[in-house]
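See below for the structure under consideration.
Values quoted throughout were computed directly from the atomic coordinates according to the rules given, and no laboratory measurement underlies them. Note that this is a predicted model, so its numbers are computed, not measured. Methodologically, a virtual Cβ is constructed for each residue, glycine included, from the backbone with ideal geometry; neighbour enumeration extends over all protein chains shown.
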Amino acid sequence: MKQYTYLLLVLPAIIASCGTVNEKNKGKGFNLFTVEQDKQLGAQVATEIDADMTTYPLLDTVRYKNVYDYIYGIRDSILNTGNVDFKDEFEWRLRIIQDDSTLNAFCTPGGYIYIYTGILKFLDSEDQFAGVLGHEIAHADMRHSTRQMSKLYGVQILLDVIAGDRQALKQVTGALIGLKFSRKFESEADEKSVAYLCPTSYNAAGGAGFFQKIQDMGGTRVPEFLSTHPDPGDRIEHFHNEKIVNGCTGDNTYTNKFKEMVGLLPE
């Protein structure tokens, strides 16, 4: 009880510090979690995912070294633009989940990124993958997960996590793995994807390629997670408009290189 009394007394100071301690938090909205807690939560989620090979069969980083080297190179191209605010604070670790039926990727707080083989095999070119990767990096860089958690769970969950309640931490971890972002956050991540790719030689609207393929297929393979997202057609237009607004001139797709990498994935 004394511990909770103390936390209630210091909570206003904690909340006041959220989003203002680090200049990089400007424009990232209300968040009950600190940047350090983003890192801690992300590490916790990654530990649980890595230990559950039944649900998340990860490709071995040694056996598939060439694949990992390739996607890490794309990650570095994005991080080295200087447009990722938490480039040096977050991990930006990549792991591939062997599941050809899932067209998805996700990123925990603190930058632990997971990519399904399904989306790698679905995409056609490196710029499309770079756009998807930039989108996931943006979710962590904009701190979307903990911003949304702040709205969903409020002050109490923060009190419990700070107090060391392992059940509360487990609840947060489970929620982060299956978290569905708001349409606003998805649009923000799309915009950031274009901004990240803009200084590179990539087609900065590469992320539109995924949604173009979905649209071309007539919605016959629309992933369930897209049901709460902006319409694919609107997102395609948004990507291209952002490219124009930002004055991006890159147009490389690196299709052959990407297909060579996909050929190294397990069948």
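As a rough guide to protection, the peptides 104-110, 233-239 ranked by mean Cβ packing within 10 Å, highest first, stand as 104-110, 233-239. Shape analysis of segment 75-233 based on the Cα gyration tensor places the equivalent ellipsoid semi-axes at 27, 19, 14 Å, largest first. The calculated 222 nm mean residue ellipticity attributable to helices in the chain amounts to -17500 deg cm²/dmol, summing -39500 (n - 2.57) over DSSP H runs of n ≥ 4 and dividing by all residues.
Between ASP69 and LYS151, the distance separating the two model label sites (each 7 Å from Cα on the Cα→Cβ line) works out to 4.3 nm. Give the angle, between 0 and 90 degrees and rounded to the nearest 10, that separates the Cα long axis of helix 183-197 from the longest principal axis of the Cα atoms of the chain. Rounded to the nearest ten degrees, it is 60. Report the residues of segment 35-57 in range of a label on ASP99: point 7 Å along Cα→C-beta, backbone N strictly under 17 Å from it. Under 17 Å, as judged by backbone N against the label point of ASP99, lie 45-57 of segment 35-57. Computed on the chain, with alpha-carbon pairs under 8 angstrom and 6+ residues apart, the relative contact order is 21 percent.
If N is the number of residues in segment 118-184, what value comes out of its Cα radius of gyration divided by 2.2 N^0.38 Å?
Dividing the Cα radius of gyration by 2.2 N^0.38 Å gives 1.43.
Distance distribution P(r), the chain, all Cα-Cα pairs, bin width 5 angstrom from 0: 1, 6, 13, 17, 18, 17, 12, 8, 4, 2, 1, 0, 0 percent.
Placing R0 at 35 angstrom, the Cβ-Cβ distance between THR55 and VAL245 gives a FRET efficiency of 0.30 after rounding to 0.05.
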